[in-house]
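Note sheet for the following structure.
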Amino acid sequence: MAHGVETAHHAEEEYTTTGLNHRKLLMWVFLGSDCMFFGALIATYMVYRGQSLNGPYPIDIINVPVTTISTFVLLCSSFSMVQALAATNKNDQRGIKIWLLATAFLGAIFIGFQVVEFNTFKNEGLTLGANLFGASFFTLTGFHGAHVTLGIIWLLGMFVLAVKGRVGPATALDVEILGLYWHFVDIVWIVIFTLLYLIGGFDAGPAPASGG
Amino acid sequence: MATLTGVLARPSGYTGVWSWITTVDHKRIGILYGFTAFAMLLIAGVEAGVMRAQLATADSDLVSPGVFNQMFTMHATAMVFNVIMPLSASFFNLIVPLAIGARDVAFPRLNALSYWLFLFGTLLLHAGFLQNQAPDAGWFSYASLTEKPYSANAGMDFWALGLLVLGTSSVAAALNFTVTIINMRAPGMSLMRMPVFIWMTLITSILLILAFPVITVGLIELTMDRNFGTHFFMPAGGGDPLLWQHLFWVFGHPEVYILILPPMGVVSEVLPTFSRKPLFGYPFVVFSGITIGIMSWAVWSHHMFTVGLGPVANSVFTITTMLIAVPTGVKIFNWIGTMWGGAIEFKTSMLFAVGFVFLFIIGGLSGVSHAVAPADNQQQDTYYIVAHIHYVLFGGSIFGIFAGIYYWGPKFTGRLLGEGLGKLNFWLIFIGMNLTFFPMHFVGMNGMPRRVYTYPAESGFQLLNSLSSLGYIVLFIGFVVFIVNYLRSSKNGAEAGHDPWDAPGIEWSISSPPPAYNFAVIPEVLGRDHYWIVKEQAREAGQGTPPGEAHVDERTIHMPSPSYWPIVIAFGVTWIAGGLLTHYALSFAGGIIAFAGVVGWGNEPAAAESDH
Amino acid sequence: MSSSHQEGQQGHHPTFKQYVLVATILFAITIVEFLLIWPRAGVVDSLGYSKIPLLAILSAIKFAIVIAFYMHLKFDHRLFTWVFLAGLFLAFGVGVALLTLFLSLGGEPRAYALERAIPYDEHAVELAKEKAKERAAEAAEATPMPTEPAPDATPAEAMADTPTQASEPASKPAGLDGQEIFLGSGGCGACHAVDGVSQGLVGPDLSHLGTEAASRKPGTSAEDYIFESIRDPQAFVATGVDRAIPGIMTAAVTAGLSDDEVNALVDFLLAQK
């Protein structure tokens, strides 16, 4: 990888058969694997959609406008993430710190929305054991939230390195891989938002037997 | 362990228990995998012995039904997740870097993490025995039998959490080998020059990466049902037990190929070597492997023909299941074609490889017979199925692995395994295996159900069951002979030299055992059977056999340094899972240990500046 | 065409302006999606079922834009695209296959579940509340009791207390709620029916065990009989008890319960008159 700047740290990983970096390839293969993980969770939700035997049903408690706002927040964080990478490539030290922190902050706001949402649902009677909707909804969005939380911890770790001045063009790959993970979490949310909120958010009671 | 350390001793203080705990050397990790898995093989074998002793006579009450349930559950779970998969992983570790001309895997520390997660996950899975709460719901643990009201003790929690840890280990290892094979081949080794074993490793790794997340979700949902009040698989709460079956088999069928593809790869290396001919139809073997990998995703419901999916679903899965037999048949044809007209040399390794082909054909044919849904209705949950899985997993996987042990073992111990004891070992296992499992076809077809702890005398199953139990004794002696052979040859076996079989792979061009850095000079790969080409060129030039490779000053070769973070992280992760069984505070502590491990790992350069 | 990533990586990264453009498009699509389903926008009614493919397409576009530009797949090595799309398409395929398998099942699989559904904790509490009220009313009519449950007592307490209080108020193990154990950790409700609490069909109906228990085992008090039947169910099986699967209820089923928990269950079951 001709980054222009050679570093002792990564010198060992320079030669690869395909010319691609090991760690970046690892991240992409892992994301393919994570697709299957979320795929199975989403499949569980879709199979049980409209099959809850009792309320609360999605239409009773899902608040689409509020979640649209938190979706905007997550989209914004993806934008700030690409800016963090651009700043890293340009060795704009101030930019790196600002954009990394902004991304972590926006991610934290998204998690805040989720905490409030979970609490509200709990108070309205939707628990893990309440019905199939509760079980599959909390499991799916909960594991997505866990991914976001992990991403925030990673971002903050990178921010600490940036404060120490250890993030720059030489380590752009580290930021890029972090970015891949972060954007993946974002696109998973795009799918969840569409299926659970925009389409599934208006489901009521046991669905009449329908062909699809 | 001590003798092993001696065998693979590195200069400059790479000895002692500590060096094994912190090792990141793929060869040592491979050996750790191999020994752990072989120990598990013996444990799971003893469990099988308990079952065969119980079933030897009709109306036996040697063990209670409850103990019998634990035995068949743990036998199968251990054989699949703690024996065959890690034995394959052992071969991946030992062979892959050597066979592609690399100095190590792409992520040496991740490799160590995979092993420690595997070890701790295995311990967690078996911890239930300590409280007499071993899992007892069968290896595919159908809901709703696994739910709290029906499996009230903690056995199923041990099972689910143990498998989650093992799954993490497998995915980490598979990611590592995928990147290694794609990215670390020696110059000249294009994809179509890779040994078939490497191809099968790549396909297996990709299957693992994609299949394990599905069972992970299933296990998480099961754990939540049991501990957090959800009703994913509880009909009483609106859930559908069928979802568990689907999630399990969406994973489970690719898993079957995860178990058989690596031994297929081993056999594809052994057969050409001892037939003195290149593999017949190499591209067909490779592409049929890829086809199997893809099609393994489209056949899972053939495990569920009797649950009432309806005629359309059953027909579709009958057709796809019959289709997947085609690429498998192509491979068998190519193996036979490889032997055809070759100068066959029946070393023990070759005997096991030929045994593999022979027994796998029988297992494959019985497999096709229950691809047909109506026939399967008769066979479901009978000993016929038990016969089938043992012909493909014992006659297939275990025979392939033994072929590999006899073939590649000398590369790592430096000494040949005894041929006399080896042949005795083969014939005992071959006869014992057929004596144990062939009668099961008949008792199964006559209606003896699997997983039932006894059978009445008037059923007429007595004779055939006694034969099976007799076969177990022969098998047992066969394994003892192997252990004796291994111990004897590791002390005073014949020196192997760097190329005992006149083999085609690159790994035979370096000394046995290989140095820590594998290749002093990374080779330029000339063709599919690289080392045969090199030797042929040398003969033509009148130079005789090329020597084992030149030694270099190893301080000029920068190898990754040992690290103790992998075992720390693995320990933490296992406590996260174990804490769910005991107290959440332990989970939290485990999380902190794992996090500390990750931070330590991240701050430590892969290779220390000053060597230890 | 997308060119190789290796040389001049910087040159192929989108500029700041392009990133802003991409973000704007993503926001715009999200707003359109929201308007499509927001009842007050008035579009959703005229869309009907066509909103589902519409939303799916819009989301797919967002998805594609993020992976193409933010994750650089458009500019990067094709191998990355392949390994990622392999997982993505496989996940999609398996999901669609699962949905098809579940929806194309013959018969009415849900009917089975609906018949056997256990009301969830919340509903059980509601029912218990009503029942407790009824009982309190009945009790008040028959014999005015001095120790009527306070109106603010939780329904579970009310249920457990009312019948036993008169006879032996001290026998209730402190802090353990028999009904909770019955439905929760004990898992009893999965098999046993108790009016208004659970509807299990496997084991005997326990709705009136409080009145029946005393006469079940000669020489054994109702309390001891129930205790033994929980701890060691096979020690004594009363004649005439309707069991769907004899032999399924063993000591192992209840081994996980402490003696205090079993005592709480006994009290709860004694209350089922």
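The values are calculated or read from the model by the stated rules, or taken from the named source; none is laboratory data. These figures come from a predicted structure and were not determined experimentally. Cβ: placed from backbone, ideal geometry, glycine included. Neighbour counts: every protein chain shown.
Note on the range C:25-43: residues that are more than 9 Å from chain A (Cβ to nearest Cβ) and under 19 Å from C:His72 (Cβ atoms) amount to 1. Picking from A:Leu196, A:Leu126, which residue would you name as being part of a helix (DSSP H, G or I) and of a type in the set (A, V, I, L, M, F, W, C)? Matching residue, one of A:Leu196, A:Leu126: A:Leu196.
Could you check, for the range B:190-200, whether at least one of its residues is within 10 Å of another protein chain (Cβ to nearest Cβ) and at pLDDT below 95? Among the residues of the range B:190-200, at least one is within 10 Å of another protein chain (Cβ to nearest Cβ) and at pLDDT below 95, which makes the answer yes.
Give the residue that is modelled with the highest pLDDT, with candidates limited to residues of the range C:43-69 that are surrounded by fewer than 18 Cβ atoms within 10 Å (Cβ to Cβ) and over 30 Å from C:Trp82 (Cα atoms). Top of the filtered list is C:Ser50.
B:His390 passes every criterion in (1) surrounded by fewer than 21 Cβ atoms within 10 Å (Cβ to Cβ); (2) within 26 Å of B:Ile324 (Cβ to Cβ) apart from (1). If you check B:Asn183, B:Asn227 for being of a type outside the set (D, E, K, R), surrounded by fewer than 24 Cβ atoms within 10 Å (Cβ to Cβ) and more than 8 Å from every other protein chain (Cβ to nearest Cβ), only one passes: B:Asn227.
Residues that are at the interface with chain A (Cβ under 7 Å from one of its Cβ atoms), at pLDDT below 90 and either closer than 30 Å to B:His253 by Cβ or in contact with a Leu (Cβ under 8 Å, 6 or more places away or on another chain) (or both) do occur in the range C:73-86.
Can you tell me how many residues within the range A:65-84 are within 8 Å of another protein chain (Cβ to nearest Cβ) and buried (at least 18 other Cβ atoms within 10 Å of the Cβ)? Total satisfying the criteria: 9. Summed over the range A:85-100, the residues that are within 10 Å of chain C (Cβ to nearest Cβ) and not in a helix (DSSP H, G or I) give a count of 0. Considering only residues in the range A:12-56 that are aromatic (Phe, Trp, Tyr) and assigned to a helix (DSSP H, G or I), the one that is farthest from the other protein chains (Cβ to nearest Cβ) turns out to be A:Tyr45. Within the range B:388-395, one or more residues are within 30 Å of B:Ser275 (Cβ to Cβ) and in contact with a His (Cβ under 8 Å, 6 or more places away or on another chain). Checking each residue in the range A:98-148 for being in contact (Cβ under 8 Å) with a residue 40 or more places away in the chain and of a type in the set (Ser, Thr, Tyr) picks out A:Thr103, A:Thr120, A:Ser136, A:Thr139, A:Thr141. Of the residues making up the range C:249-273, those that are closer than 16 Å to C:Leu206 by Cα and assigned to a loop (DSSP other than H, G, I, E, B) number 4.
Test of understanding: among A:Ile59, A:Ile98, which residue is surrounded by fewer than 19 Cβ atoms within 10 Å (Cβ to Cβ), of a type in the set (A, V, I, L, M) and touching an Asp or Glu at 6+ places or on another chain (Cβ under 7 Å)?
Details: A:Ile98 fails: touching an Asp or Glu at 6+ places or on another chain (Cβ under 7 Å).
After applying the criteria, what remains is A:Ile59.
Restricting the search to the range B:149-163, which residues are touching a residue at least 60 places away in the same chain (Cβ under 8 Å) and surrounded by fewer than 22 Cβ atoms within 10 Å (Cβ to Cβ)? Across the range B:149-163, the qualifying residue is only B:Ala154.
Of the residues making up the range A:177-203, those that are within 11 Å of the chain's Cα centre (by Cα) and more than 7 Å from chain C (Cβ to nearest Cβ) are A:Gly179, A:Tyr181, A:Trp182, A:Phe184, A:Val185, A:Val188, A:Trp189, A:Ile192. For residues that are without any contact (Cβ under 8 Å) to a residue 60 or more places away in the chain and facing chain A (nearest Cβ under 9 Å), scanning just the range B:166-180, find the one that is surrounded by the fewest Cβ atoms within 10 Å (Cβ to Cβ). Only one residue fits best here, namely B:Val171.
On inspection, B:Met264 passes the criterion of being buried (at least 24 other Cβ atoms within 10 Å of the Cβ) and either of a type outside the set (Ser, Thr, Tyr) or more than 30 Å from B:Ser144 (Cβ to Cβ) (or both). Evaluate the following for B:Trp159: is it farther than 18 Å from B:Phe92 by Cα, out of contact with any Cys (no Cβ under 7 Å at 6 or more places or on another chain), more than 12 Å from chain C (Cβ to nearest Cβ) and not in a helix (DSSP H, G or I)? Criteria not met by B:Trp159.
When the range B:201-224 is limited to residues that are facing chain A (nearest Cβ under 10 Å) and among the β-branched types (Val, Ile, Thr), the one that is surrounded by the most Cβ atoms within 10 Å (Cβ to Cβ) turns out to be B:Val214.
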